[in-house]
Amino acid sequence: MGVPMTRFLRRCLTGCTVLLGAAFLGQGAQAAPAFVVSNSGNLLLVVNGASGPDFDIVPEGKNGFKITGLGTNPLVAAGDDLGVSFFVATFRGPAPTSINSPPGPGFVPFAFPILGASGTLAGAAGASLGETIVGQIPPTAPNPGPVFTTGFSISGPGSDSVIFPVGVPFLSILKDINGTGGQVDFVIQSFTVAVPEPASLALLGAGLLGLAGLRRRARQG
């Protein structure tokens, strides 16, 4: 029997650092979906706090997410501010279909390491984005905890990126999207995930079969 997504997410949130979400939970409206699956089917983004205008999150590219305003509205109007906290976890297998449904057979959380992240800000020259990223051991591990803390900032339209000192399958992220100096149209968050290519898996399998053959020959000899 699968673990319901609500219980799985609750376990994940239990392991999040106090830094993330503490300032935002229970404050302001939030129209974003509870969770979003990347187009690659390897990343699960779960929003756990927000303060500011309503927003939406949709998959973008292979392993990215686009944070936008509702309808044709900008994400953050000039003079406004949006704080968002969420976590991102890798997984393998069938993607969950709803927050209350159990993962399907073969669902494996924390399956791949995340090696880096990048952010893109579209909007006025006076807009800015500040980001804190905490790399964590999976919250369901015996001794979960932060492995590193890093981040980046963007002033005006542009992008920035960071490579993590170690790859981890679970990230807690706190974003401050500031439109004090001008509106923010949207923000794109992308991740680099180390998923083995099918060719690499085939080579690994062939190598293991070859080793097994050598062992059988050695025993027969």
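The values are calculated or read from the model by the stated rules, or taken from the named source; none is laboratory data. Just so you know, these numbers come straight off a predicted model, no measurement behind them. Here the Cβ is made from the backbone with ideal geometry for all residues, glycine too, and neighbour counts use every protein chain on show.
For residue 140, are the conditions met, namely being surrounded by fewer than 21 Cβ atoms within 10 Å (Cβ to Cβ) and in a strand (DSSP E or B)? Reasoning before the result, please.
Working: surrounded by fewer than 21 Cβ atoms within 10 Å (Cβ to Cβ): yes; in a strand (DSSP E or B): no.
So residue 140 fails the test.
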For this session: Please specify each residue of segment 37-58 satisfying the condition of being under 18 Å from residue 71 (Cα atoms) and of a type in the set (Val, Ile, Thr).
Result: 57, 58
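Just to check your reading of the model, which residue among 38, 98 is more than 14 Å from residue 184 (Cβ to Cβ), among the hydroxyl-bearing types (Ser, Thr, Tyr) and modelled with pLDDT of 95 or more? Break it down into steps so the answer makes sense when it comes.
Numbers: 98 fails: modelled with pLDDT of 95 or more.
Answer to the selection: 38.
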Problem set entry | Residues that are modelled with pLDDT of 95 or more, among the polar types (S, T, N, Q) and over 23 Å from residue 61 (Cβ atoms), drawn from segment 156-192 | 178, 183
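Looking only at segment 46-92, count how many residues are assigned to a strand (DSSP E or B) and either free of Cβ contacts under 8 Å to residues at least 60 places away in the same chain or over 17 Å from the mean Cα position of the chain (by Cα) (or both). Talk me through it step by step, then tell me what you get.
Of segment 46-92, the ones assigned to a strand (DSSP E or B) are 46-51, 56-60, 64-68, 76, 81-92.
This time we only want the ones that are either free of Cβ contacts under 8 Å to residues at least 60 places away in the same chain or over 17 Å from the mean Cα position of the chain (by Cα) (or both), so: 46-51, 56-59, 76, 81-82, 91-92.
Within segment 46-92, residues that are assigned to a strand (DSSP E or B) and either free of Cβ contacts under 8 Å to residues at least 60 places away in the same chain or over 17 Å from the mean Cα position of the chain (by Cα) (or both) number 15.
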Exercise. If you go through segment 127-135 one residue at a time, do you hit one that is over 17 Å from the mean Cα position of the chain (by Cα) and modelled with pLDDT under 95?
Worked result: no
